[in-house]
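Step one of this worksheet: look at the structure below.
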Amino acid sequence: MGILRRMIVMRPVLEMNTPDGFDLWPVVETERFGFLPLGGGLSPAEVGTALMRIAACNDVDPTDDEGRPPRPTEPVSGFLHGLLTLDHLYAAGGLQVTDTATDVVFSPGCCDGLEDWRTWYVLADCGSGIGYGHEPLSSLAERLGDTVRLTVDTDRTDSPVIDLPVTELRRLLAEAERDLTGFLAVAADWVSEHLPGHSAPLVAALARVLDVPPPGLPQAPPTTERA
């Protein structure tokens, strides 16, 4: 009988909620409140689905005190308006960690956003805990010495946990950044083909919400400035 090899996997994910009747561009059917992993291997329809979800998260009408221009009447421009004009962008999701040996999954909570994924570097460097969500699940990531503990539900005394060395967390974060950079590259190609009139500002907005450099620019070193 073989020995089960433990492997920890970290993926950047979007929490999905496809609106009924969306027809501005092709999308795939997704599980409501399920997670779509991001990376460079997504199909064109999956890229369109991810872009739809990110735009929907920022689909907010301008208010009188914001100074943003009015929402365009053209459907695509109107749907993308928040993503292209808001100062602070949001994408429901975050970093999902799976222990393949135990099948324990630490998923982003309802209060998590993918745009804040670099706060995990603060956890690795400074030990600040990261709490996500509230009932029915209150997850927590914390550093205990040289170990990072991911507790799936702090409201349970028998909650599943994932323990991993801080050095492994740094490796996983580097892999997550490569996934985000790969996704942005295929998204840029998708935008140039399907939404060429919005290409430059849309790719720039995606780079902002994913917190990775636009295609062609070097990656910034890990930082703890958000502590």
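Miscellaneous remarks
- Take the Cα of residue 170, step 7 Å toward its Cβ, do the same at residue 126, and the gap between the two points is 1.8 nm.
- Once the convex hull of all Cα atoms in the stretch 54-188 is built, its volume per residue stands at 150 Å³.
- Computed over the alpha carbons of the stretch 167-220, Rg followed by Dmax gives 12.3, 43 Å.
- Across the chain, C-alpha contacts under 8 Å between residues 6 or more apart give a mean separation that, scaled by the residue count, equals a relative contact order of 21 percent.
- In the context of the full set of protein chains, the chain has a per residue accessible area of 51 Å² (1.4 Å probe).
- Measuring gaps between exposed loop sites in the chain (chymotrypsin sites (Phe, Trp or Tyr not before Pro); DSSP loop; at most 16 other Cβ atoms within 10 Å), the longest gap, sites not included, is 34-227.
- Potential extension, residue 111-residue 163 segment - 0.36 nm per residue separation minus Cα distance: 16.5 nm
- One quarter of the surface of the convex hull around the alpha-carbon atoms of the chain equals 15.0 nm², the direction-averaged projected area.
- Given their separation in residues at 0.36 nm each and the Cα-Cα distance between them, residue 147 and residue 9 gain 48.1 nm when the chain is fully extended.
- Extending 7 Å from Cα along the Cβ direction at residue 103 and again at residue 22 yields two label points whose distance is 3.0 nm.
- Normalising by residue count, the stretch 67-131 has a Cα convex hull of 136 Å³ per residue.
The values are calculated or read from the model by the stated rules, or taken from the named source; none is laboratory data. None of the values given here were measured: they were computed from a predicted structure. Positions of Cβ are generated from backbone atoms using ideal geometry, with glycine treated the same way; all protein chains shown enter the neighbour counts. With ligands, DNA and RNA removed, areas are computed over all heavy atoms of the protein, side chains included. Shrake-Rupley method; radii C 1.70, N 1.55, O 1.52, S 1.80 Å.
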